[in-house]
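Here's the structure, in C-alpha cells; my notes come after.
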Amino acid sequence: SLLDALLSGHGKEGHVFPRISILFYVGSIVTGAWYVAPRALAAARRLRPDMHLLMIVAVIGAAVIGEWFEAGTVAFLFSLSLMLEQWSVSRARNAISSLLDLSPVKARHICPTDGDIEEKPVEDVPVGATVIVRPGEKIPLDGEVVEGSSSINQAPITGESAPVKKGAGDEVFAGTINGEGAFKFRAIKAAADTTLARIIHMVEEAQSRRAASEQWIEKFARYYTPAMMALALAFAVFPPLILSLPWSIWLYRGLVILVIACPCALVISTPVSVVSGLAAAARNGVLIKGGIFLEKAGHLRCLAMDKTGTLTLGHPEVQDVIPFDDHTEQEILQRAAALEANSEHPMARAVLRKAEDEGIYPESATDFQAVKGKGAQAVLDGRNFWIGSHRLMEEQGGESREIHEKVEQLEDAGHTVVALGNDQHVCGLLTVADPLRDDARTAMETLKASGIEKLMMVTGDNEGTARAVARAAGVDEYRSELLPEDKVTEVEKLIAEYESVGMIGDGVNDAPAMATSGFGVAMGAMGTDVAIETADVALMSDDLPKLTWLINHSRRTLRTIKQNVIFALGLKAVFIILAFFGLATLWMAIAADMGASLVVIFNGLRLLRQ
C-alpha cells in the first residue's frame, strides 16, 4: 500500500529511515504545514496556485520519494518564513499604530458647575471644558490656551525639531508634549475629532491604497506561480521520458524547483517597504494617504504652488514705516494704530501687531468714520487724520510727485501701501506685505537640485505682488490674478507638458487644482481638517523643505523596492541553474528562499530609520 511504501523508509540515495524517525518527521511536517495546508487547498479549489500550494506539493513529493528530512525541513522553514513576514509587516504597521499611544487616555478639567477639578477619560470631556496641563504632560485634546504659557514639543505630529512657544489665544493639539510651564486651555474638539484622531484614521486608510508596484507584484505572481509549477513538472518528467534518466533523481530536482519558485521573498518585498515608507513619513510630519502617492512623489517632474500660505506666511505684516516732513516713524505708527484700533481688516491687524511689537500703545481717537473700501478717518489731539489706500490719498490731496513716485515704486515691488495724513499734508506711508517664508528660496533651490524640472507659482494676487514674490522665492514662472478655475487650466497645461505634476496649496481654495494634478500637497495642515481631507499628502508643519525630503524619501523607497525585487528574482534564477545540475537540495532551496525573505524584510525596514 501507499502507507507501507511511505513507511518503508527508503530515500532516493538508498538511505533507510527508522520508523520511529519517520513518525517524528511526520509530526514536524504536520505542525509545520498546519496553517499552510488550508490556504493551499483553497488555492487548488480556485485553480489559482500560490506559494502555499507550491510548498505543500513539494513537502508531499519529498515524503513520497522517501526524503523525510527534506520534507520536515521544508515545512518547518516555510512556516518560519511566513512568521517572519507577518512580524516584519506588523512591525512597520506598529510604527504607525504607535500614534495611538501619543494621546493620554485621561484629562483633568474644571467642572463648570462647582469648579472642582475632575479627571475623566478624554472621551467624556465636553467641548468647551477648561483642561489643566502640568509640566511634562501630554496634551489630551485640541484646544485654545486661556491661561498661562509654555513651550510645546509638537515633533510627534509635525516632526519639528524645536519646541513652539504657546500663550493665551494659541492653539494646542492632542498628542503634543508640554514643556516647563503649566497652563489651561479650552477644549475645542471632541476626542474623536482631534487632529491626531484624524491623522490616525487617514494613515489607517492609507494602508489599503496600494502602490503601483504592489499591484504589479500581485499580477506578476498570478502568472509566475503556475509557470514555475509547469517548469518543475517539466524537470521531473521530460528527462526520464526522453533521455531515460533516473526518475527519482529528476523527480527530486523538480521538487527543488518547486521550492525555489516559492514567491515568498517576492511577495513580501514591496508591502514591507511601502508600509515602512509610510510610517517613516508619518514620523517626520508628512502624512501620505497611500502607497500610490508615496510612489508618485518620486516621479514628479513639475510642481505648481499657491503663493499665500505656501511661499508666504499667509498673513500681512508691516514691512516699512516711511515718515515725511518732520514726522517720526514712532509718531506715524502710533497715529496709524489709533486710527486702525476699531477695524478688523487684515491690514489694520498688521498695523496693530507692528505697534505692539514696538511697544507703542495707541491713543484714543474720536469721531471715527470708516471710508468704505478706502480707509478711515478720525480726530486725534483735536486734528483730523485719515488713513487708507493710494486712492484715498489722491482724494484727500497733498500728494506730491515725489510721494507718487515712491508709492508706485513700492507697489511695483509687491507691497501694499497704506498712507497716513492730516488736513494739511501726507504724514507718511506704511508698506504692508505677506512676507516670504524664511526657507522658501532654499526650498526652491533644493527642489530644483532634486530633479524637479519646473516650479510655477499660481496665485490670485495682483501682477506686481506676484512678480515680486516669484523673484524673491526663485520659482521658474508665475501666473497671477487667477481664479480657482484658472489654476485648474494652468495645471492641465503643465500635465500636458510634464505628465507628472504636483500642486501645493492650503487644501481649500486650491482643492480643484490639487485634484486635477493627481498629487495634491497641503501646506501647514496642523489642525486644518479640510487640508487633511483634501490633499493626498499633508505637511503637518509650515516646513516647505519637507517637500524635498518627501521626494527624496519616495525615491529611496522606490530604490528599495527595486533592490528587493531584483535580488529575489536573481537568487531564484541562480538556484534554478544549480538545481538543473543537481547542485541544490530541498533544504538548501528553502533556506535560500527564507534567507532572501529576511534580506528583503530588513532592507525594507531600513526605511523606518530615515
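The values are calculated or read from the model by the stated rules, or taken from the named source; none is laboratory data. These numbers were taken from a predicted model, which means no experiment stands behind them. Cβ coordinates were reconstructed from backbone atoms using ideal geometry, including for glycine residues, and neighbour counts include every protein chain displayed. Protein only, heavy atoms only, side chains kept; ligands, DNA and RNA dropped before computing areas. Shrake-Rupley method; radii C 1.70, N 1.55, O 1.52, S 1.80 Å.
Against the longest alpha carbon principal axis of the chain, how many degrees, from 0 to 90 and to the nearest 10, is the axis of helix 212-243 turned?
Here the helix axis deviates by roughly 10 degrees.
Using all alpha carbons of the chain, what is the percent of pairwise distances in each 20 Å bin, ordered from the shortest bin to the longest?
17, 34, 28, 14, 6, 2
Please compute the modelled spin-label separation between Glu358 and His345, points set 7 Å along Cα→Cβ, answer in nm with one decimal.
Inter-label distance under the simple model: 1.9 nm.
Charges on Cβ only, +1 for Lys and Arg, -1 for Asp and Glu, centred on the Cα centroid of the chain; of Val426, Ile260, Val371, which one is farthest towards the dipole's positive end?
Farthest towards the positive pole: Ile260.
Quote the relative contact order of segment 227-333 in percent (integer), defining contacts as alpha-carbon pairs under 8 Å separated by 6+ residues.
Answer for segment 227-333 is 14 percent.
Is the shape of segment 451-515 rounded, prolate or oblate, going by the alpha carbon gyration tensor and its root eigenvalues a ≥ b ≥ c, with a/c under 1.5 for rounded and a/b larger than b/c for prolate?
oblate
Tell me, how many Å apart are the Cα centres for segment 342-365 and for segment 383-427?
Cα centroid to Cα centroid, the span is 19 Å.
Take the cross-link list Lys166/Lys189; Lys354/Lys454; Lys493/Lys562; Lys166/Lys454; Lys307/Lys448 and give me the ones stretching past 28 Å between alpha-carbons.
Lys354/Lys454; Lys493/Lys562; Lys166/Lys454
How about segment 233-317: which trypsin sites (Lys or Arg not before Pro) there lie in a loop by DSSP and see at most 15 other Cβ atoms within 10 Å?
In loop regions of segment 233-317 (DSSP not H, G, I, E or B), the sparsely surrounded trypsin sites (Lys or Arg not before Pro) are Arg301.
Full-extension gain between Phe220 and Leu583, please, as 0.36 nm times their residue separation minus the C-alpha to C-alpha distance.
Extra length from Phe220 to Leu583 when fully extended: 127.9 nm.
On the protein heavy atoms, probe 1.4 angstrom, tell me the percent of accessible surface of segment 436-476 carried by carbon and sulfur.
The C+S portion of the solvent-accessible surface of segment 436-476 is 46 percent.
Order Met55, Met588, most accessible first, counting only protein heavy atoms with a 1.4 angstrom probe. Can you show the working numbers first?
On the way: Met55 5, Met588 60 Å².
Ranked from most to least accessible, the order is Met588, Met55.
Going toward the positive end of the dipole of the chain, with +1 on Lys and Arg Cβ and -1 on Asp and Glu Cβ, which of Gly451, Ser480, Val145 do you reach last?
Gly451
Please compute one quarter of the surface area of the Cα convex hull for segment 249-326 and express it in square nanometres.
On the way: hull surface 40.6 nm².
That works out to 10.1 nm².
Within the P(r) computed for segment 341-405, what percentage of the Cα pairs occupies the region above 20 Å?
Looking at segment 341-405, the distances longer than 20 Å represent 37 percent of pairs.
Once every DSSP H run of n ≥ 4 in the chain is given -39500 (n - 2.57) and the sum is divided by its residues, what mean residue ellipticity at 222 nm do you get, rounded to the nearest 500 deg cm²/dmol?
Dividing the helical sum by the residues of the chain leaves -16500 deg cm²/dmol.
Give the cross-link partners of Lys289 among the lysines, using a straight C-alpha distance below 20 Å as the criterion and excluding same-chain residues fewer than 8 apart.
Lys546
Per the 1.4 Å probe, what fraction of the accessible area of segment 209-332, in percent, lies on carbon and sulfur atoms?
C and S atoms contribute 62 percent here.
Which three extents, in angstrom, do the Cα atoms of segment 297-421 have along their principal axes, listed largest first?
Cα extents, longest axis first: 66, 32, 28 Å.
Taking a spot 7 Å from the Cα of Ile60 along the direction of its beta carbon, which residues of segment 18-44 have an amide N less than 18 Å from it?
26-44
Taking the Cα centre as origin and putting +1 on Lys and Arg beta-carbons and -1 on Asp and Glu beta-carbons, what dipole magnitude results for the chain, to the nearest 20 debye?
4460
Could you name the aspartates and glutamates whose alpha carbon sits less than 14 Å from that of Lys219, not counting residues in the same chain fewer than 8 places away?
Once the sequence-local aspartates and glutamates are set aside, what remains near Lys219 is Asp50.
Please work out the average accessible area per residue across the chain, using the 1.4 Å probe convention, and give it in Å². Numbers along the way, then the final one.
Values: 27690 Å² over 610 residues.
On a per-residue basis, 45 Å².
Against the longest alpha carbon principal axis of the chain, how many degrees, from 0 to 90 and to the nearest 10, is the axis of helix 51-64 turned?
Computed tilt is about 20 degrees.
Report the extension gain between Ile242 and Lys493 in nm, rounded to one decimal, defined as 0.36 nm multiplied by the number of residues separating them, less their alpha carbon distance.
Numbers: separation 251, 0.36 × 251 = 90.36 nm, distance 6.31 nm.
Full extension from Ile242 to Lys493 adds 84.1 nm.
Roughly how big is segment 272-421's charge dipole about its Cα centre, with Cβ charges of +1 (Lys, Arg) and -1 (Asp, Glu), in debye to the nearest 20? Intermediate values should be presented prior to the final figure.
On the way: 15 positive and 24 negative charges, 255 e Å.
That gives segment 272-421 a dipole magnitude of about 1220 debye.
Which lysines does Lys165 reach when only Cα atoms under 18 Å apart count, and residues fewer than 8 places away in its own chain are ignored?
List returned: Lys138, Lys184.
Apply 1/(1 + (r/R0)^6) to the Cβ-Cβ distance of Trp87 and Ile110, taking R0 = 56 Å, and write down the FRET efficiency to the nearest 0.05.
0.75
Could you report the accessible area of Tyr25 in Å², rounded to 10, computed with a 1.4 Å probe on the protein chains as they sit in the structure?
Rounded to the nearest 10, that gives 60 Å².
Which percent of the Cα-Cα distances in segment 369-447 go past 20 Å?
So the portion of pairs separated by more than 20 Å is 42 percent.
In the chain, if the dipole is taken from +1 on Lys/Arg beta carbons and -1 on Asp/Glu beta carbons about the Cα centre, which of Leu311, Ala341, Gly277 is farthest to the positive end?
Working it through, the farthest residue towards the positive pole turns out to be Gly277.
For the Cα atoms of the chain, what angle does the longest principal axis make with the long axis of helix 440-449, in degrees from 0 to 90, nearest 10?
The helix 440-449 is inclined about 30 degrees to the chain.
At each listed q (0.10, 0.13, 0.15, 0.18 Å⁻¹), what is the log10 of I(q)/I(0) that the Debye formula gives for segment 466-596 modelled as equal alpha-carbon point scatterers?
Each listed q corresponds, in turn, to -0.53, -0.68, -0.80, -1.04.
Length gain on complete extension for the stretch Arg391 to Ile566, per 0.36 nm per residue less the alpha carbon to alpha carbon distance?
Extra length available between Arg391 and Ile566 comes to 56.2 nm.
Roughly how many whole Å is it from the C-alpha centroid of segment 232-287 to that of segment 481-506?
44
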